[in-house]
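Here is the structure we will look at, set down as structure tokens.
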Amino acid sequence: MPATSAGLPERARPVLDEADISRALTRIAHEILERAKGAEDVMLLGIPTRGAVLAKRLAARIADVEGTTVPVGSLDVTMYRDDLRLKPARTLERTEIPDEGVDGRLIVLVDDVLYSGRTIRAALDALNDLGRPRAVQLAVLVDRGHRELPIRADYVGKNLPTSQRESVKVRLREHDGVEKDAVYLGTESETAL
Amino acid sequence: MKRHLLSTADLSRDDAVLILDTAEEIARLSARPIKKLPTLRGRTVVNLFFEDSTRTRTSFEVAAKRLSADVINFSAKGSSVSKGESLKDTALTLEAMGADAVVVRHSASGAAYRLANAGWTTSHVVNAGDGTHEHPTQALLDAFTMRRHLGGLEGRRVTIVGDVLHSRVARSNVRLLATLGAQVTLVAPPTLLPVGIGGWPCEVSYDLDSVVPASDAIMMLRVQRERMSGGFFPTEREYSRRYGLDAQRMAKLPEKAIVMHPGPMVRGMEISADVADSVRSVIVEQVANGVSVRMAVLYLLLSGNQSAIGPDIAENDNTEKKGAGA
Amino acid sequence: MSTTYLIKNASVLGGEAADLLLRDGVIAEVGSVGSVRAEGAVEIDAAGLIALPGLVDLHTHLREPGREDAETVDTGTRAAALGGFTAVHAMANTDPVADTAGVVEQVWRLGREAGHCDVFPVGAVTVGLRGERLAELGAMADSAARVRVFSDDGKCVSDAALMRRALEYVKAFDGVVAQHAQEPRLTEGAQMNEGELSGVLGLAGWPAVAEEAIIARDILLAAHTESRLHICHVSTAGSVDLVRWAKSKGYPVTAEVTPHHLILTEDLVKNYDPIYKVNPPLRSAADVEALRAGLADGTIDAVATDHAPHPQEDKDCEWAAAAMGMLGLETALSVVQHTMVDSGLMDWAEVADRMSVRPALIGQVDDRHGRPLAAGEPANLVLVDPEAKRTVDRTALASLSQNTPYQGMELPGAVVATFLRGTATVLDGKLA
């Protein structure tokens, strides 16, 4: 089967294109500022790997809109996952907490896809070991449903109805070496790189 | 299936880099107020030490505890081992107690290998030093320290000086550093070099002064005083003069070169006090890095349903290869 | 009344087939196939089997007295019979040491009582194997056990003056000193062959020079004293060269090699399984090659098992703590067939020479063992099926211990029957 430029079989269906993603991020940036009443104590922590990329993009959007830079970092949740024993040992990703620290801040966790909610549960635990934020919010590019824990996103780029057999793959320029950002929906084999 | 860390010779380059990278991430976490991670909660790590080594045992203990594992220290002193209980029976006991991993230090070369492969235990085995064979986590923490200071190991010149013959640290370091692309030179009097060293992936020199100026890192090995009575060299003074690192020799090191020692040091013998305490010395840092590296090893061996590092062991294959000679 | 056996159609020393009649402890008749008839004889169809003189082992550890948990004279000689042996020389490193007439007579008597093969005790050279002063060699020679081979095996008679005296002293009763060649200072704490692998494994090396230095010295002492020297378990290419040189000079020197040194190499130590821990240690492939060549050309006179039983707990441990030694009696002939016969280096007549005739000569038991398979000779012989294959199962061995290095290995050849003075000790591959 011929592959697309994203390295994906053609059958995987693009559900968001570059423009969609860009608009979603801009909207989320605005919403964060609106709810936080400014950017003063906001800190963005992306969950590696693509969540960290999205956090950086959001920070840039906020800077464009507000003219101030918000601290942005990454929070690896691997060591906090509840499914470690179910899979081979995983490689750790980078955790980079800005020097300001998380205490008393409004932390916005950023991830690409919200699914079972288990990653966010792990992130909340990881955050707990780092300090005591004023509040924690969650921003995701795609919410595909099927939650297994009482977790919801505060900011959603797109709500995407899926079946559990399907797989959602986010491809970002900085991370995946693709020419254009996109989000694909298909079966596991269809969306596998 | 990968299960154990017994020898650096078993580590592929990818394995070694994975351990060092993981340790790097873990080291970043250790600056946090809450250093504990929940990763190995409910797992039991046994420190099985047949030889005294407070340093290594403590390092493993801290590493395991920071990952939330339960730690049992089982040392030869005050246990049934000193009454002559065998390695096998000790292993069976620990197995019955439900140890997930056994960190073993033993005076016999191959003890860790035996523990892992004799069918006495299903635990993961981490070699914390076996006789004069290997001490893989020491080599990993050395490599980690060097990588941090030298910005990488490929092509870096590492000089290891001292009692190579009896040194498990040297053996583990030579294998690991070669795997990681460093150029290793061993320096020692010929009496303290093993037979057949020509086949090791390193250079050998008897002349420290000629090697010092071409060293990015120099690692001094401990020389035990009993080696002198074994007739390996004439006097401490002569050894120190020919193979010790003092300020004068250190001055001939390249500008950014570092001085290392696996500890415990014999100040005034293989290393002078001013060198050990100098700015080039990374000896204290080695100790700190030991915890991160050991956390990485425990994490990679224990956290998943399959270890990420170590030799690949075919499952259910206990039949040992029988060589049919020439 | 002992049973009369008529062995039909056996290939004598691997050569022409013949019928052999065993009656009253001797080979009563040897004739062409179908020519020998005997009323009431038990007939054994030996088609495809090879008849060899009963094997003679110069180097067996029967462990009794003292370590009856490892082996007894009874179990050890059962193993010997199953391996095709009709005589074994029982080493002196028992507890108490076989350094007096009393101990050697006890071992000899136990052998007679067991009845599976002849047991010839070896006497210690020095009191308590301590290498300090000569044991009462003469008393042992004159005892009922009629000791002719003296050895401190397990320990080297390292003192040159003492070795000289021992060589001189045994001349009085045509004895032989069997030296365990191991320079003690060069092998302190030695664990395996010294070489690149020992360096990598961090195991103290047992250098070839420690064996060769003693052999060289003792060859010169034997020449000087004009006394008989036998060298136990040579294990290095250099040792073979030294023995070859000694023989070229006509010196009274003989040597043995173990089956395991003909087949196993030091690479096996890599897994630190003490089943491969033995003294002298397993050597390199080049050494194995040289030993095979030396055995084939007769430089090495004999294959001797160095059968060394150890209880499980002495092997089921870390390498350094383990005992040295491996079982050998029940696998020796198969290993020799595999390494020497099937490889084309030797024929069966040469096997008979190295495993029966010459060992009997060295041990001075050639009046009873290692004899030709001819009418009137003592009926000590073994029938071997060279086509058989068997997988070694340590739990099925007759030895009380299980420390065979060949566990799970398929080896060629099987002992079908062993006869000691006309009595079957083994029939159909089982103890009779």
### Query
For C:Ala28, which sequence-distant residues (separation of 5 or more, or a different chain) have an amide H within less than 5 Å of its own amide H, given hydrogens modelled in the peptide plane?
C:Leu21, C:Leu22, C:Arg23, C:Gly376
### Task
Based on alpha-carbon positions alone, could you give the equivalent ellipsoid semi-axes of segment B:136-286 from the gyration tensor, as √(5λ), descending, whole Å?
21, 18, 14
#### Entry: Radius 12 Å from Cβ of C:His369, net charge of other residues (Lys, Arg +1; Asp, Glu -1)
-1
### P(r) tail fraction, the protein assembly as shown - alpha-carbon pairs more than 50 Å apart, %
40
### Query
If each Cα of chain C is one equal point scatterer, what is log10 of I(q)/I(0) from the Debye formula at q = 0.10, 0.11 Å⁻¹?
-0.63, -0.77
### For segment C:337-432, the spread of Cα positions along each principal axis, largest first, Å
41, 33, 25
#### Entry: Cβ-based exposure ranking for B:Phe60, B:Phe144, C:Phe173, in which fewest neighbours within 10 Å come first
C:Phe173, B:Phe144, B:Phe60
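Which value results when the Cα radius of gyration for segment C:102-191 is divided by 2.2 N^0.38 Å?
Values: Rg = 14.0 Å, N = 90, 2.2 N^0.38 = 12.2 Å.
Against the empirical 2.2 N^0.38 Å value, I get 1.15 for segment C:102-191.
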### Query
Tally Lys and Arg at +1 and Asp and Glu at -1 over the other residues with C-beta under 10 Å from the C-beta of C:Asp306: what net charge comes out?
-3
### Message
Mean-square fluctuation check for chain C, GNM, Cα pairs under 10 Å: which of C:Gly195, C:Gly422, C:Gly175 is largest?
### Response
C:Gly195
#### Entry: Within chain B, percent of DSSP bridges classed antiparallel, to nearest 5
5
### Message
What do you get for trypsin sites (Lys or Arg not before Pro) in segment A:81-141 restricted to DSSP loop and a cutoff of at most 16 other Cβ within 10 Å of the site's Cβ?
### Response
A:Arg94, A:Arg134
### Summary
Restricted to the protein assembly as shown, the DSSP antiparallel beta bridge percent, nearest 5, is 35
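Using R₀ = 45 Å, calculate the FRET efficiency as 1/(1 + (r/R₀)^6) where r is the Cβ-Cβ separation of B:Asp274 and A:Asp125; round to 0.05.
That gives a FRET efficiency of 0.40.
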### Task
Just tell me which aspartates and glutamates come within less than 17 Å, Cα to Cα, of A:Lys180; anything on the same chain fewer than 8 places away is out.
A:Glu10, A:Asp17, A:Glu18, A:Asp20, A:Asp112
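Give the residue list of GluC sites (Glu not before Pro) in segment B:125-228 that are DSSP loop and have at most 11 other beta-carbon atoms within 10 angstrom. Before the final figure, lay out the partial values.
Values: sites: B:Glu134, B:Glu154, B:Glu203, B:Glu226; in loops: B:Glu154.
When the GluC sites (Glu not before Pro) of segment B:125-228 are filtered for loop state and at most 11 Cβ neighbours within 10 Å, B:Glu154 remain.
Over 28 Å, how big is the tail of the calculated P(r) for chain B, in percent of all Cα pairs? Working shown, then result.
On the way: 21474 of 52975 pairs.
Of the Cα pairs, 41 percent sit more than 28 Å apart.
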## Note on the structure
So, relative contact order of segment A:55-193 in percent, Cα under 8 Å, 6 or more apart, is 17
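Shape of segment A:129-192 from its Cα gyration tensor (a ≥ b ≥ c, root eigenvalues): rounded if a/c is under 1.5, otherwise prolate when a/b > b/c, or oblate?
On the way: a/c = 2.35, a/b = 1.44, b/c = 1.63.
Note, shape of segment A:129-192 comes out oblate.
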### Message
Test of understanding: ordering C:Arg112, A:Arg171 by Cβ neighbours within 10 Å, fewest first, what list do you get?
### Response
C:Arg112, A:Arg171
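Using a simple charge model, +1 on the beta-carbon of Lys and Arg, -1 on the beta-carbon of Asp and Glu, nothing else, what dipole does segment C:55-362 show about its Cα centre, in debye to the nearest 20? Let's see the in-between values first.
Details: 26 positive and 46 negative charges, 162 e Å.
With only Lys, Arg, Asp and Glu charged at Cβ, the dipole is about 780 debye.
Give the order of B:Ser53, B:Ser172 when sorted by the count of other beta carbons within 10 angstrom, beginning with the fewest. Provide the component values of the computation, followed by the final result.
Working: B:Ser53 19, B:Ser172 27.
By the 10 Å Cβ count, ascending: B:Ser53, B:Ser172.
Express the relative contact order of segment C:55-362 as a whole percentage, based on alpha carbon pairs under 8 Å and six or more residues apart in sequence.
16
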### Query
Ratio of Rg to Rh for segment B:144-214, alpha carbon only, Kirkwood?
0.95
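Using only C-alpha atoms and all pairs of different ones, pull out the Kirkwood radius for segment B:213-261 in Å with one decimal. The partial results should precede the final answer.
Working: mean 1/r = 0.0831 Å⁻¹.
Hydrodynamic radius (Kirkwood, Cα pairs) of segment B:213-261 is 12.0 Å.
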### Summary
Summed over the other residues with a beta carbon less than 14 angstrom from that of A:Asp41, with K and R at +1 and D and E at -1, the charge totals +1
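How much of the DSSP bridge set in segment C:55-362 is antiparallel, in percent, rounded to the nearest 5?
Working: 1 of 24 bridges.
Antiparallel bridges make up about 5 percent of those DSSP assigns within segment C:55-362.
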### Summary
GNM of chain A, Cα pairs under 10 angstrom: of A:Ala19, A:Ala55, A:Ala126, the biggest fluctuation goes to A:Ala19
### Message
Using a 7 Å offset from Cα along Cα-Cβ at B:Ile72, what residues in segment B:94-123 end up with backbone N under 11 Å from the label point?
### Response
B:94-102
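The numbers here are math on the coordinates, done by the rules we state, and not lab data. What you see is a predicted model, and the numbers here were worked out from it, not measured in a lab. With ideal geometry, Cβ positions are generated from the backbone for all residues, glycine too; neighbour counts draw on all protein chains shown.
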